[in-house]
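Novice: First the structure, then my questions, so here it is.
Read-outs throughout are calculated quantities, based only on the coordinates presented, and are distinct from any laboratory measurement. Everything numeric in this text was worked out from a predicted model, so none of it was measured. Glycine also receives a Cβ, built like all others from the backbone with ideal geometry; neighbour counts cover every protein chain displayed.
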Amino acid sequence: MTETFWKEAAASLPPSVRRRYAMELEAMERYDVLMDVAMDTWRHTRRVLAKSCMAAARMFDNAAQRLLLTR
């Protein structure tokens with residue numbers, strides 16, 4: 001295990017229990033890293049979507065203004 005939290009969690013268990021749950025603790029550490037990557041990806045995607053929506057809103061607003069001026 002590489003993360004301090006999971007090392008400390010494993011170290012806090014009695015040796016017999018630690019051996020029994022070693023695979024689960026290692027899986028949880030991998031899951032934790034995977035969730036960090038997913039959350040970072042979502043944050044980036046959300047920013048890109050927000051910028052795209054704002055650009056579309058500006059485009060529609062400009063088109064509406066031009067339509068109002070041409071009447």
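Novice: Can you find even one residue in the range 25-43 that is over 30 Å from Phe5 (Cβ atoms) and out of contact with any Cys (no Cβ under 7 Å at 6 or more places or on another chain)? First the steps, then the outcome.
Specialist: So the first thing to find is which residues in the range 25-43 are over 30 Å from Phe5 (Cβ atoms), and the list is none.
No, the range 25-43 has no match at all.
Novice: Filter the range 1-20 for residues that are surrounded by fewer than 14 Cβ atoms within 10 Å (Cβ to Cβ) and of a type outside the set (Lys, Arg) and give the result. Please lay out each step first, then the result.
Specialist: Going through the range 1-20, the residues surrounded by fewer than 14 Cβ atoms within 10 Å (Cβ to Cβ) turn out to be 2-5, 7-8, 11-12, 14-17, 19-20.
Hits for the range 1-20 are Thr2, Glu3, Thr4, Phe5, Glu8, Ala11, Ser12, Pro14, Pro15, Ser16, Val17.
Novice: Which of the residues belonging to the range 39-54 are of a type in the set (A, V, I, L, M) and either under 19 Å from the mean Cα position of the chain (by Cα) or exposed (fewer than 10 other Cβ atoms within 10 Å of the Cβ) (or both)? Spell out the reasoning first.
Specialist: Filtering the range 39-54 for residues of a type in the set (A, V, I, L, M) gives 39, 48-50, 54.
Selection gives Met39, Val48, Leu49, Ala50.
Novice: Quick check on my filter: what residues within the range 25-44 are within 14 Å of Ala10 (Cβ to Cβ) and among the acidic types (Asp, Glu)?
Specialist: Scanning the range 25-44 gives Glu26, Glu29, Asp32.
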